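Quick one: structure below, then a few questions.
The values are calculated or read from the model by the stated rules, or taken from the named source; none is laboratory data. No experiment lies behind these values; they were computed from the predicted model shown. Backbone-built Cβ (ideal geometry, glycine too); neighbour counts: all protein chains shown.
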Amino acid sequence: MGLLTKEFYVKWHSNNKKWYEGKGHAFTKFKDEFEVKIEDLQNGSNISVEVECNKCGKLKKVKWKDYKKCVKEDGTYYCNNCAIVLYGSENYRKSRLKNSLSFYDWCYENLLKELADYILSRWDYELNVDRKGNMLSPKDVSYSSGGYEKQGYWFKCLDHPEHESELKSISCFTHSRRSLECKLCNSVSVTNPYLDIFLINKDDSKKYSKGSGINIPMKCPECGYEKELSFDTLVRHGFGCNKCSDGISYPNKFGFNFMEQIRKLKIIKDFKTEKSFSWLKYEYKEELHKGRIDLYFKINTKQYGVEMDGGFHTKNIKMFDKTKENVKYIDDEKDRLCRENNVKIIRIDSLKSEWKYIKNSIMNSELPQLFNFKESDIDWLKCHKYACSSLVKTVCDLWENGLKNTLLIAEQLKISTTSVRKYLKQGVELKWCDYDAKVELEKQYALTSERRSKKVICLNTGEIFKSQTDARKKYGIFSSSGICSCCRGISEYAGKHPITNEPLKWMYYDDYIKSNQLLTAI
């Protein structure tokens with residue numbers, strides 16, 4: 001690259017005779033043409049030569065005299081546009097510095113010494129060099145400089161030496177438009193590393209901050225459902241999986257885990273979610289509605305309820321045809337009914353589904369004084385993680401791990417058996433569990449029947465039966481109610497013996513044992 005023309009033909013004339021004879025050429029006569037090497041041309045020659053830019057590679061013809069002015073000692077040549085980019089900014093830097101403050105001076109004149117020391121200590125001397133490779137210091141650049149090609153200057157991270165240096169525009173910083181902070185330090189990978197489980201591209205956690213509103217591909221860590229979501233939405237509202245969501249709001253799940261931690265601290269014995277009472281009914285649109293308390297507990301004999309007031313308290317809900325005024329009316333009615341029935345309601349501002357926001361709301365409520373706990377006693381991040389998780393997956397995991405009882409699962413998670421069955425059905429579709437609703441219903445019915453049934457004894461034969469149904473089937477008695485009436489003393493007998501034809505008399509086995517014990521004692 002560089003000079004492409006190597007040889008040229010010129011004519012003898014009086015102005016070049018002496019020059020070319022000095023270059024070793026033998027004079028013939030004026031106007032004769034002769035061949036010369038291109039480097040032997042006179043410096044002021046107007047002859048056009050073909051050159052190639054060593055940066056952009058473009059070919060062009062320039063006058064020899066202009067080429068000689070621009071070519072470097074090593075033969076490198078740049079076109080006008082490339083030369084401006086490469087060397088114009090350097091000249092511009094020196095010119096601005098001459099007529100203004102250096103970045104070094106600006107920092108100490110406008111910032112506290114500690115802050116100025118910190119910022120200037122982040123200057124990367126190895127990477128901040130001029131086009132010739134000479135090191136630049138904060139004293140060598142103007143405070144209003146944007147950097148080479150307006151990309152900025154290199155600043156390193158002191159808090160995390162493993163972070164790569166970043167280009168920063170000091171002109172933006174000095175004009176209060178942009179921070180010089182390390183972007184990686186403010187990235188999700190540092191501030192919210194637990195969000196990594198939602199990312200399809202793990203490098204996205206280094207590119208964006210937790211407040212980023214840019215939608216990126218994410219996936220549900222439970223079922224793998226994919227959708228685009230911003231970190232801002234993820235942090236404030238959770239993932240909200242369209243496939244395995246449990247339908248319980250972020251604030252309510254956050255409040256549940258908070259109460260669970262309070263229980264484990266042995267501050268309260270137990271608590272209930274979605275607690276309802278026969279008296280907790282209010283009129284709405286000329287109909288009677290049943291109310292529920294989000295979190296209910298007792299301390300000694302006093303009753304308390306915690307309401308996690310989410311964002312719908314300030315918005316009109318089209319889906320349920322409720323305005324914020326209607327919601328306030330319902331809240332007021334619930335408060336009135338609870339007050340009249342000695343249940344103290346504590347409302348937690350959960351308008352923003354953000355764990356720090358709800359944490360601050362809890363700490364500013366009556367709960368810290370009521371429970372006598374400190375902020376550090378609670379693992380708030382654990383509350384957030386639970387609020388972002390799916391109860392569907394939790395229920396299915398319990399089922400698959402051997403707890404194949406909807407009632408016990410409901411008791412452990414403090415949700416209704418209806419919700420447990422609903423989540424297990426979702427789990428079957430997601431292939432998370434082997435729940436069979438029909439089989440389990442039959443098992444529950446049999447178990448319930450067994451628990452409710454009473455042993456009976458036939459006084460005629462001394463036979464003992466587990467239930468009245470078994471006794472009825474053995475002796476062909478039309479209905480179990482006849483045996484029940486006999487056991488309760490309402491009737492004398494129920495059924496007849498198939499061989500002796502004598503009337504059969506019955507007693508509850510427990511009553512029979514007690515009567516025998518009484519006779520023995522006498």
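Exactly one of (1) touching a Gly at 6+ places or on another chain (Cβ under 9 Å); (2) over 19 Å from D294 (Cβ atoms); (3) modelled with pLDDT under 90 is unmet by D436. Its number?
(1)
Could I ask something else about it? For region 219-239, what are the residues that are among the aromatic types (F, W, Y), buried (at least 22 other Cβ atoms within 10 Å of the Cβ) and touching a Cys at 6+ places or on another chain (Cβ under 7 Å)?
F239
Yes/no matrix, rows are residues, columns are (1) buried (at least 17 other Cβ atoms within 10 Å of the Cβ); (2) within 11 Å of the chain's Cα centre (by Cα); (3) of a type in the set (A, V, I, L, M, F, W, C); (4) within 30 Å of Q412 (Cβ to Cβ):
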position	(1), (2), (3), (4)
L195	yes, yes, yes, yes
N201	no, no, no, no
P217	no, no, no, no
C241	yes, no, yes, yes
S245	yes, no, no, yes
N257	yes, no, no, yes
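Next question, about the same structure. Residue under question is K272, and the condition is that it be part of a strand (DSSP E or B), in contact (Cβ under 8 Å) with a residue 40 or more places away in the chain and in the same structural domain as I348 (by TED's automatic domain parsing); does it hold? Reasoning before the result, please.
Values: part of a strand (DSSP E or B): yes; in contact (Cβ under 8 Å) with a residue 40 or more places away in the chain: yes; in the same structural domain as I348 (by TED's automatic domain parsing): yes.
So K272 fits the description; yes.
Answer yes or no: is there a residue in region 180-187 that is more than 24 Å from the chain's Cα centre (by Cα) and not assigned by TED's automatic domain parsing to the domain that holds K382.
Looking for residues that are more than 24 Å from the chain's Cα centre (by Cα) and not assigned by TED's automatic domain parsing to the domain that holds K382, one finds at least one in region 180-187, hence yes.
Then there's this: Among the residues of region 18-28, write down those that are of a type outside the set (A, V, I, L, M, F, W, C), out of contact with any Asp or Glu (no Cβ under 9 Å at 6 or more places or on another chain) and free of Cβ contacts under 8 Å to residues at least 12 places away in the same chain.
Residues satisfying the conditions are K18, E21, G22.
Would you be able to tell me the number of residues in region 259-300 that are of a type in the set (V, I, T) and farther than 14 Å from K414 by Cα?
Number satisfying all stated conditions: 4.
Pick from region 380-397 the residues that are part of a helix (DSSP H, G or I) and either touching a Ser or Thr at 6+ places or on another chain (Cβ under 6 Å) or among the hydroxyl-bearing types (S, T, Y) (or both): which of them is nearest to F254 (Cα to Cα)? Give the derivation first.
First, the residues of region 380-397 that are part of a helix (DSSP H, G or I): 380-388, 391-397.
Narrowing the set further to residues that are either touching a Ser or Thr at 6+ places or on another chain (Cβ under 6 Å) or among the hydroxyl-bearing types (S, T, Y) (or both) leaves 386, 394.
Values: Y386: 7, T394: 15 Å.
My answer is Y386.
Look at region 278-296 and say how many of its residues are part of a loop (DSSP other than H, G, I, E, B) and under 24 Å from D349 (Cα atoms). First the steps, then the outcome.
Of region 278-296, the ones part of a loop (DSSP other than H, G, I, E, B) are 278-280, 285-286, 291-292.
Within this subset, residues satisfying the condition of being under 24 Å from D349 (Cα atoms) are 280, 291-292.
Selection size over region 278-296: 3.
Could you list, in sequence order, all residues of region 374-407 that are surrounded by fewer than 18 Cβ atoms within 10 Å (Cβ to Cβ) and hydrophobic (A, V, I, L, M, F, W, C)?
L381, L403, L407
I'd like to check something: does region 316-332 contain any residue that is modelled with pLDDT of 90 or more and touching a strand residue (DSSP E or B) at 6+ places or on another chain (Cβ under 6 Å)?
no
Quick one: in region 173-193, of everything that is buried (at least 17 other Cβ atoms within 10 Å of the Cβ) and part of a helix (DSSP H, G or I), which residue is modelled with the lowest pLDDT?
Among those residues, the one meeting the criterion is T174.
For region 239-257, how many residues are more than 21 Å from M363 (Cβ to Cβ) and in contact (Cβ under 8 Å) with a residue 12 or more places away in the chain?
Number of matching residues: 8.
From the set of residues in region 1-56 that are touching a strand residue (DSSP E or B) at 6+ places or on another chain (Cβ under 9 Å) and small (G, A, S), which is surrounded by the fewest Cβ atoms within 10 Å (Cβ to Cβ)?
The extreme case among them is A26.
Just the residues that are within 28 Å of the chain's Cα centre (by Cα), over 17 Å from L295 (Cα atoms) and either without any contact (Cβ under 8 Å) to a residue 40 or more places away in the chain or assigned to a strand (DSSP E or B) (or both), please, taken from region 326-379.
K356, Y357, N360, N364, K374, E375, S376
What do you reckon, is E307 assigned to a strand (DSSP E or B), touching a residue at least 60 places away in the same chain (Cβ under 8 Å) and either over 24 Å from the mean Cα position of the chain (by Cα) or not assigned by TED's automatic domain parsing to the domain that holds S212 (or both)?
no
Mind checking whether some residue in region 92-111 is in contact with an Asp or Glu (Cβ under 6 Å, 6 or more places away or on another chain) and at pLDDT 75 or above?
We begin by selecting, within region 92-111, every residue in contact with an Asp or Glu (Cβ under 6 Å, 6 or more places away or on another chain); these are none.
No: region 92-111 contains no residue that is in contact with an Asp or Glu (Cβ under 6 Å, 6 or more places away or on another chain) and at pLDDT 75 or above.
Only one residue in I457, I513, I490, I483 is among the aliphatic types (A, V, I, L, M) and assigned to a loop (DSSP other than H, G, I, E, B). Which one?
Result: I490 is the single residue among I457, I513, I490, I483 that is among the aliphatic types (A, V, I, L, M) and assigned to a loop (DSSP other than H, G, I, E, B).
I want to confirm something. Restricting to region 462-498 and keeping residues that are under 18 Å from Y512 (Cα atoms) and surrounded by fewer than 14 Cβ atoms within 10 Å (Cβ to Cβ), which single residue is farthest from the chain's Cα centre (by Cα)?
Taking the candidates together, the pick is E492.
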